[in-house]
Amino acid sequence: MAYKILMVEDDSSIAAGLSYALEKEGYLVTLCRKISQAFEEIKTVHFDLALLDMQLPDGLGKEIGQKLLAEQTQVIYLTVVDDEDEIVRTLEDGAADYITKPFRMRELMVRIKRTLNIKTEEQQVMRIGEAVIDANAGKVFVKDQQISLTALEYRLLLIFAENQSILLTREQLLERIWDISGDFVEDNTLTVYVKRLRKKLGDAVQISTVRGIGYRVDQ
């Protein structure tokens with residue numbers, strides 16, 4: 001699943017740089033420059049995370065922040081206001097994080113991943129095609145029947161589930177599998193794992209091969 005991020009930021013240079021960095025990480029970014037625009041977006045889209053400037057042309061970021069928190073969207077505020085009382089109050093009100101400008105891009109990326117990982121842990125059940133992944137138990141079901149997967153097959157399916165509709169290169173998949181297993185995984189071995197997954201899952205999950213590049217699972 002590609003995480004959807006709402007960014008409300010009126011500084012063009014910050015918005016451009018941050019949008020580029022987020023999209024490079026695989027996030028789906030919606031940029032708004034005013035609170036009114038953000039309110040229009042959330043009428044039709046549920047966002048996983050919002051990055052909100054505290055001071056905007058038509059009001060305060062908290063105006064949209066409280067609405068998003070009520071809809072179970074994680075909120076991180078980006079602001080020049082470096083006041084301890086305000087930071088404490090904002091976090092007590094439910095914000096996931098409060099980051100003062102200027103900020104370091106790499107640090108912000110880590111904080112975003114941390115926040116989204118917290119949310120993922122709360123959502124123990126993931127769906128991919130007609131398959132259901134119980135992440136808490138480490139089990140996979142198709143039509144209420146448990147599918148037996150090896151550790152690496154399970155990890156591969158989890159990667160596809162977290163990145164639905166996104167083209168994943170063979171290199172990206174190999175890196176992630178290798179990181180988890182601690183063992184070197186050859187390119188040919190990846191082909192075997194994908195073949196095994198297809199056989200075990202049948203028509204429940206459609207894993208498409210993009211020749212010469214990698215694989216994609218559409219929602």
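The values are calculated or read from the model by the stated rules, or taken from the named source; none is laboratory data. Just so it is clear, the structure is predicted and the values come from calculations on it, not from any experiment. Cβ sites come from the backbone with ideal geometry, for glycine too, and all protein chains shown count toward neighbours.
Report yes if Asp11 is surrounded by fewer than 17 Cβ atoms within 10 Å (Cβ to Cβ), under 19 Å from Tyr98 (Cα atoms) and in contact (Cβ under 8 Å) with a residue 40 or more places away in the chain, otherwise no.
yes
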Taking into account only those residues within segment 137-175 that are within 16 Å of Gly26 (Cβ to Cβ) and assigned to a loop (DSSP other than H, G, I, E, B), which is farthest from the chain's Cα centre (by Cα)? Leu167
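When you go through Glu130, Glu186 one by one, which is the residue that is modelled with pLDDT of 90 or more and farther than 22 Å from Tyr27 by Cβ?
Glu130
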Go through (1) of a type in the set (A, V, I, L, M); (2) in contact with a Leu (Cβ under 7 Å, 6 or more places away or on another chain); (3) farther than 17 Å from Leu22 by Cα one by one and return the number of the condition Leu78 breaks. (3)
Scope segment 14-30; condition among the hydrophobic types (A, V, I, L, M, F, W, C), out of contact with any Ser or Thr (no Cβ under 6 Å at 6 or more places or on another chain) and touching a residue at least 12 places away in the same chain (Cβ under 8 Å); matching residues: Ile14, Ala15, Leu18, Ala21, Leu22, Leu28
Checked pairs for segment 193-205, first in contact (Cβ under 8 Å) with a residue 60 or more places away in the chain and hydrophobic (A, V, I, L, M, F, W, C), second surrounded by 18 or more Cβ atoms within 10 Å (Cβ to Cβ) and part of a helix (DSSP H, G or I), C-beta under 9 Å and 6 or more apart or across chains, list as Leu201/Leu157; Val205/Leu157; Val205/Phe160; Val205/Ala161; Val205/Leu197
For segment 159-179, give me the residue count where each residue is buried (at least 17 other Cβ atoms within 10 Å of the Cβ), of a type outside the set (A, V, I, L, M, F, W, C) and either modelled with pLDDT under 85 or within 13 Å of Thr191 (Cα to Cα) (or both). 1
Hand me the list of strands (runs of 3 or more DSSP E) wholly inside segment 40-130 holding 3 or more residues that are touching a residue at least 24 places away in the same chain (Cβ under 8 Å) and either hydroxyl-bearing (Ser, Thr, Tyr) or in contact with a strand residue (DSSP E or B) (Cβ under 7 Å, 6 or more places away or on another chain) (or both). 49-53, 74-79
Being over 21 Å from the mean Cα position of the chain (by Cα) and among the β-branched types (Val, Ile, Thr) is the requirement here; does Ile35 meet it? yes
Given the criterion more than 21 Å from the chain's Cα centre (by Cα) and not hydrophobic (A, V, I, L, M, F, W, C), identify the matching residue among Arg89, Arg127, Arg104. Arg89
Over segment 14-39, the set of residues surrounded by fewer than 15 Cβ atoms within 10 Å (Cβ to Cβ) and not in a helix (DSSP H, G or I) is Glu25, Gly26
